[in-house]
Structures are given as structure tokens and as C-alpha cells.
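These notes concern the structure reproduced below.
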Amino acid sequence: MIPGQKQLSNLEELLEGVWKQNPVFVMVLGMCPTLAVSVSAMNAVSMGLATTFVLVGSTFLVSLLRNVIPKEVRIATYIVIIATFVTVVDYLIQAISLAVYDALGAFIQLIVVNCIILGRAEAHASKNPPLRSVLNALGMGAGFTVGLFALGGVREILGAGKLFGFSLFGPDFQPWVVMVLPPGGFFVLGAWLLLFNWLNSRKTDAAPAKPAEGHAHV
Amino acid sequence: MNPTPRIELRASPHVVRGNSVERIMFHVVLALLPIAAFSVWQYGLSALAMLVTVTLSCVATERLFNRLSGNPSTLTDWSATITGLILALTLPPAFPLWMAVVAGFTSIALGKALFGGIGCNVLNPALVGRAFVQAAFPVAITTWVPAFAPNRFSEFAPTTFTPPFMTPPDIGEWAKRAVDGFTGATPLARWKFENVLATPADFLTGAVTASAGETSAILILLCGAYLAIRKFMDWRIPVAVLASAALTAYVFQLVDPSRYPDPLFVLLSGGLMIGAVFMATDMATSPVTPRGVWIYGALIGVVTVMIRYFGGLTEGVMYAILIGNALAPLIDQVTQPRVFGQTREKAAMGKKA
């Protein structure tokens, strides 16, 4: 807990990552998996859930061990903890659905270097008790999943005319090829960021007397 | 009673020629109209519907972003109209109208408004729009219709009124019925894949398969000359683009005449002419230094020929100009002229500091 900062209630802690500190739209963290796997809604949600699992598990463990881990080797320790959960989720997805596993490819293993997870472990779990860490991680994971779904949904609808594999417009739909290519990821992410910033600026414009809240643009 | 003599103090310039953004842009629109008219004569109703739709969607998008940003309308500076016309002239004549709207919206929204409007854009807005639809709808943007089809003023191409978000129907039957023996390939594609060269006469009369405004080489040069003479356009850019493209093509032909076409074919085919005259010369996205303009033009010409000869696509003008646009600020920076009276050594020192 940073001194001077207001203690958040448990609900606020949970909702922090969903909206105010959304990892995709506000903190703009974890962009590599966000842009790479958000080709379809299914991939996006699977990736979001896998990341959430690793996030919750590793922040819980880091928070439990926060007084035991020596400061000097904390990053290495966090990475070992995160890698353990990534291995679990890697085998888990392989067991549940081989199709999803093939679609996500190396990005499942790359969860280990996702900066949202290391960031949460370092900035939150190492300073907070387990319950609060898990609540925060759940919120962040949900926010990440929502963000990925927002990208994957739009890209799948425009790029294939489908959502979760169900055809929305019939067989005559003209796919926007660019949307399933890497540039499409940037276009859609840019559009969502634009929308979020616009909504935020409208809110701050509406209440100019209130001092601006600390935006954590990382 | 004598009025008190008024003394006005103000900074230079004290004598202005009366050129304004509005005036220059209006003359560019005038210069584009003959090309658009030729395109309509060549391709008929479909081209007319496409030209009008693209231009209107560009203007409407400009207005929408004016409203969103709370700024006064910038429609009167004609720049959105120019973007629309140029974009329409680079699209296939029978391009589905709903895709044309997507192209128009993207060009103004992504290419211009997001950067801050006129003068702030990094890339040519029309080409941003075209690059987007090229990547999004690769089949539709390479579906061509025959020029001078006898039924061009009585019926639309079947693709024109494709319902929004739907795949355009196959145009082969219709085109073959309209013009016997129509192959549906541009001269560049026929050269690349079938090794068949179109003659200069085909290009000059416009009897080739191409984007709406690409074929009228003489008309484009005349309109460009008008703009250059009125000093609304930097003549060095088209000259540099065309000269460097011709020179590059000439060198290749010297090396292997059986494989590479003659420079005249390179100049007349595809969008090189309209690209050099109307797109590379966009004031906001081209360099301003005298030497930089030549480098910029030469770069576009060389890259165009390279993409045509060695790239996967048949046409490279669009990407060549976009690359040139992206490099324009850098070219400006390295070609800064010496300040009058400054010695070479001093200028070098100033640059380092």
C-alpha cells in the first residue's frame, strides 16, 4: 500500500482492473498477446481465461510468500511461481481443447513474460494480503479478458462474419481480410483506445472542479 | 473633418498574392474534373455512381469529425472533395458502393482527421483509404470491367449495388456479354503473368482495363501542367517521379530486354501518371526543400518500378507514394539548405549543435 493512498474496499479492489485500471484499455499492458491472438472471439476469451488463471494463482502464492521472499531475488522467484502456473495452464488447455491449443500456439507459454502478471506480482501482491491480491488479480484478469474479447469479437465479426464460430450474416458475407491480419489488430485496438479516452475525457470535462485522478499510464 | 491617419504595425509579409488554401484546393478540384469526366465517359454509370459515392462519403466523414471535435466546418477548403475524387479515381470502376463508402470513411478518418485535419496528415489520405480497402477486400479491388462497353450508359455493373457487407457477385459473365473476349486483367497483370504488352495506342485511347482514372495519360498531364503553370503544384515532383521510373525501367531493359518492358509502357501503365501528378504532389505530405523534392520524387519512381518488377503485386505506385510520404520529414531534415551567407563549416557546426 502506497502511503497516503486511500484504502480501497474489497469491491473497489475487484472492480479496479475491470474498468478504472483496465490492463488493455487504460494501462495498455500485455499488448503482444492482445494483438496476436485476438483474431477470433474464441481465441481471445481462451487467452483471457488462461491469463486470469495464471494471474490469480501466482498473485495468491506471491502474496502468501511476500514476507519470506528476499528482496534481492524477488523477480526470479516471481518468474518461477508464474512459470509453474503457466505450465499447469499449458497442459490444461492441451487436455481440454487441442484446437484452441494449436490456435494460441506459443502465446500460452509466453504468458510467463506477460507484463500484467509480473506487474501485478511486483506492484500489488508483494504488498497486500492474499485475499486482496486475489480480488485484484480476478478483476485484472476479467478486465484483460473483456479487453481481448472486445478486440477478438470485432475482428471476428468483420474478418469472418462470425462470432464464436457462429455465422452472423449468412454465407454471402464479404470478409474484411485486413481484420484478421496484424494491421487489423492495431486498427481495432486504436479504435477502442480512442473510444475509451473519449469517454474518459468527457467525464473529466463534465466535472472540472474535481481534481484529476492519478492515471496510471504505463 | 480629417480622419486621424492610421498607422498599422505588423509583421511581414506585407504583399500577398491572394493564394489561399481554399483557392489552390478549388483549382485542384477543377483540374480533377476533366479526368473524372473522361472516366465516366469510359466506364459509364458504374463509374459515375462510384465517383459520387466516394466523394460524398469523404465529405460526410469530414463533417462528422468537424462536429465531434467541435471545430467549424472545413468543407469549404475543398480538401475532402479532392481526397474523395482522387480516391475514386484510383478504385476499379465497378467497385461495390458499400466498399467505396468504407474507403472514403477510412481515408478521411484514419488518414486525416485522427492526425488533426488538413495539413497535419502524415500520409496521403486518399492512399490510406485505398491501402485499407486493398488489404480488406483484395478480390473486389482487382475486379475490373471493360472500358467502352456498349451498354455502359444503360446499365450498372452487377457489382456496383452489392448489399452492404455482402460479397459482390461474379462479374465475368456480365463483362463477357458486354465486351467479347474480355480477360479481366490490367495491362500490368497481363505483362507480369502472361508476358503480353499493351501498346501505347491502347493506353492513349483509354482502351485498357484499369482503375477509374488511370488511363487518360494525356489528360492527366494537361491538367497537371495547368496546376504547375498556375504554381498550385510543384512541377519538380511529377518530373522527378516519372524521370526516375523511366530511367530505372530503361536500365532494366538494357540488362534484359526480353524480360523487362520498355520505359514508355512503365510510364503509361497503372496509376503512375495520376499518382505522380496528383498524389505525390500533395503539399502536406511531400518535402519542402528544393533538393528534398527531387530525392522524394526519385525515390517514388524507383520504388514503384521495383515493386512492379519484383513484388507480389502488379502495381506499386500506391505503396511507393506512401513510403515517400513517410520518409518526407526525414528527407526535409537532411536536405536543409544553408542559410544565406553562412559558410559550409558553420552550417555543419550548427547542425551538430
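The values are calculated or read from the model by the stated rules, or taken from the named source; none is laboratory data. Computed from a predicted structure; not experimentally measured. A quick note on method: Cβ atoms are made from the backbone with ideal geometry, for glycine too, and the neighbour counts reach across all protein chains shown.
Highlighted here are the helices (runs of 4 or more DSSP H) found entirely within region B:145-254 that include at least 1 residues which are assigned by TED's automatic domain parsing to the domain that holds B:A100 and at pLDDT below 80: B:172-178.
What about B:P168, is it touching a residue at least 40 places away in the same chain (Cβ under 8 Å) and away from chain A (no Cβ under 14 Å)?
No: the conditions fail for B:P168.
Between A:V28, A:V37, the distinction of being in contact (Cβ under 8 Å) with a residue 40 or more places away in the chain, of a type outside the set (K, R), crowded, with 21+ Cβ neighbours inside 10 Å and touching a helix residue (DSSP H, G or I) at 6+ places or on another chain (Cβ under 9 Å) belongs to A:V37 only. Can you tell me which residue is farthest from the other protein chains (Cβ to nearest Cβ) among those in region B:109-121 that are surrounded by fewer than 16 Cβ atoms within 10 Å (Cβ to Cβ) and in contact (Cβ under 8 Å) with a residue 40 or more places away in the chain? The residue in question is B:G119. Considering each residue of region B:101-116 in turn, none proves to be more than 19 Å from B:Y319 (Cβ to Cβ), touching a strand residue (DSSP E or B) at 6+ places or on another chain (Cβ under 9 Å) and hydrophobic (A, V, I, L, M, F, W, C).
The single condition among (1) hydrophobic (A, V, I, L, M, F, W, C); (2) assigned to a loop (DSSP other than H, G, I, E, B); (3) surrounded by fewer than 18 Cβ atoms within 10 Å (Cβ to Cβ) that A:A76 does not satisfy is (2). Scanning region B:123-165 for residues that are charged (D, E, K, R) and within 14 Å of another protein chain (Cβ to nearest Cβ) turns up just one, B:R130. Only one of the listed residues (A:S167, A:S126) is among the hydroxyl-bearing types (S, T, Y) and more than 14 Å from chain B (Cβ to nearest Cβ). That residue is A:S126. What are the residues in region B:303-333 that are aliphatic (A, V, I, L, M) and surrounded by fewer than 16 Cβ atoms within 10 Å (Cβ to Cβ), if any? The answer is B:M306, B:L313, B:A326, B:L330.
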